[in-house]
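**Student:** Shown below is the structure under consideration.
Quick note: the coordinates plus some simple rules give every number you see, no bench work behind them. Quick caveat: nothing in here was measured; it's all calculated off a predicted structure. Cβ coordinates were reconstructed from backbone atoms using ideal geometry, including for glycine residues, and neighbour counts include every protein chain displayed.
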Number of protein chains: 2
Amino acid sequence: MADAGIVLFAHGARDRRWAEPFEQLRERLRARRPDLAIELAFLEHMSPDLAEAATALAARGVRNVRVVPLFFGRGGHLRNDFPLEVTRAQAAAPAIMFEIVEAAGEDPAVLDALADFALSGLA
Amino acid sequence: MADAGIVLFAHGARDRRWAEPFEQLRERLRARRPDLAIELAFLEHMSPDLAEAATALAARGVRNVRVVPLFFGRGGHLRNDFPLEVTRAQAAAPAIMFEIVEAAGEDPAVLDALADFALSGLA
């Protein structure tokens, strides 16, 4: 049983298909790290939210959870809403130790991959 | 004078700082490809919109523009709003030939970079 996990935290959308890249990412991570519990959580429109995801992980015995914000930029959602979601999740799952990392869009290697993508196949 | 360019098309947000990763990406692309015109455009909250960006590029003599949607998932914004923005941009800048590529979040190498980021430093 995994005692550590990752929650991929994304915005959410009304269109169910919006989540497909996040589901793909979750599957990639599960394949790479079967020893970790890997789940998605959403700020709005989709479930579970972060508190629900944390509660489910705690019930499975997970004690250390890294929360990865799958956002490009840090606007109101990450600066204001996200800390409140973390506070709610901590209250809902007090046994869990959370590690919060920066937004994915602030990672230099992610920016490099985006730059490669933007230029791919251009003469 | 560049006759080809890239518009990085992002959602936009009320908080000006939200755009920082996109500005960084634009600067990286300009450094890598000084022969191309590289600009940002936004769906909402920020300017320019896609039609304004296309008009400005056309005025500079740019004739071929790749539009790169910097979105993770394809929900209503990309499925419904984005095609309308492209239609408006084409009407505003009829001299430009647009190339529309898939959402950044659907690129396997971007997903790999996100996976590496999610796992970075984990034991």
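**Student:** Can you report the number of residues in segment B:11-21 which are more than 7 Å from chain A (Cβ to nearest Cβ) and not in a loop (DSSP other than H, G, I, E, B)? Steps first, please.
**Tutor:** Here is the first cut: in segment B:11-21, the residues more than 7 Å from chain A (Cβ to nearest Cβ) are B:11-12, B:16.
In the following step, the residues that additionally are not in a loop (DSSP other than H, G, I, E, B) were identified as B:16.
So the answer is 1.
**Student:** Any residue at all in segment B:35-43 that's farther than 20 Å from A:Arg79 by Cβ and touching a Ser or Thr at 6+ places or on another chain (Cβ under 9 Å)?
**Tutor:** Within segment B:35-43, one or more residues are farther than 20 Å from A:Arg79 by Cβ and touching a Ser or Thr at 6+ places or on another chain (Cβ under 9 Å).
**Student:** Can we say B:Glu39 is over 18 Å from B:Glu99 (Cβ atoms) and not hydrophobic (A, V, I, L, M, F, W, C)? Step through it out loud before you land on a result.
**Tutor:** On the way: over 18 Å from B:Glu99 (Cβ atoms): no; not hydrophobic (A, V, I, L, M, F, W, C): yes.
Spelling it out, it is not the case that B:Glu39 is over 18 Å from B:Glu99 (Cβ atoms) and not hydrophobic (A, V, I, L, M, F, W, C).
**Student:** Only one of A:Ala4, A:Ala41, A:Ala92 is in contact with a helix residue (DSSP H, G or I) (Cβ under 7 Å, 6 or more places away or on another chain), surrounded by 18 or more Cβ atoms within 10 Å (Cβ to Cβ) and either touching a residue at least 40 places away in the same chain (Cβ under 8 Å) or not β-branched (Val, Ile, Thr) (or both); which?
**Tutor:** A:Ala41
**Student:** Counting just the residues of segment B:22-40 that are closer than 23 Å to B:Asp81 by Cβ and aliphatic (A, V, I, L, M), which one comes out farthest from the other protein chains (Cβ to nearest Cβ)?
**Tutor:** Result: B:Leu40.
**Student:** Which numbered condition trips up B:Leu122, out of (1) within 13 Å of chain A (Cβ to nearest Cβ); (2) in contact with a helix residue (DSSP H, G or I) (Cβ under 8 Å, 6 or more places away or on another chain); (3) among the hydrophobic types (A, V, I, L, M, F, W, C)?
**Tutor:** B:Leu122 satisfies all of (1) within 13 Å of chain A (Cβ to nearest Cβ); (2) in contact with a helix residue (DSSP H, G or I) (Cβ under 8 Å, 6 or more places away or on another chain); (3) among the hydrophobic types (A, V, I, L, M, F, W, C) except (2).
**Student:** Ok, one more. Check B:Pro69, B:Pro83, B:Pro48 and return the single one that is surrounded by fewer than 19 Cβ atoms within 10 Å (Cβ to Cβ) and within 13 Å of the chain's Cα centre (by Cα).
**Tutor:** On the way: B:Pro69 fails: surrounded by fewer than 19 Cβ atoms within 10 Å (Cβ to Cβ); B:Pro83 fails: within 13 Å of the chain's Cα centre (by Cα).
Just one listed residue meets the conditions, B:Pro48.
**Student:** Shifting gears a bit: Answer yes or no: is there a residue in segment A:46-54 that is closer than 23 Å to B:Gly73 by Cα, within 13 Å of chain B (Cβ to nearest Cβ) and out of contact with any Ser or Thr (no Cβ under 7 Å at 6 or more places or on another chain).
**Tutor:** yes
**Student:** So, one more: Here is a check on your reading of the model: is B:Arg17 without any contact (Cβ under 8 Å) to a residue 12 or more places away in the chain and surrounded by 15 or more Cβ atoms within 10 Å (Cβ to Cβ)?
**Tutor:** Values: without any contact (Cβ under 8 Å) to a residue 12 or more places away in the chain: yes; surrounded by 15 or more Cβ atoms within 10 Å (Cβ to Cβ): no.
No.
**Student:** Can B:Phe22 be described as in contact with a strand residue (DSSP E or B) (Cβ under 6 Å, 6 or more places away or on another chain), of a type in the set (Phe, Trp, Tyr) and under 17 Å from B:Ala103 (Cα atoms)?
**Tutor:** Taking the combined requirement at face value, the residue satisfies it.
**Student:** Listed residues A:Arg60, A:Arg74; which is surrounded by fewer than 22 Cβ atoms within 10 Å (Cβ to Cβ), over 13 Å from the mean Cα position of the chain (by Cα), away from chain B (no Cβ under 13 Å) and touching a residue at least 12 places away in the same chain (Cβ under 8 Å)?
**Tutor:** Details: A:Arg74 fails: away from chain B (no Cβ under 13 Å).
Of A:Arg60, A:Arg74, the one residue that is surrounded by fewer than 22 Cβ atoms within 10 Å (Cβ to Cβ), over 13 Å from the mean Cα position of the chain (by Cα), away from chain B (no Cβ under 13 Å) and touching a residue at least 12 places away in the same chain (Cβ under 8 Å) is A:Arg60.
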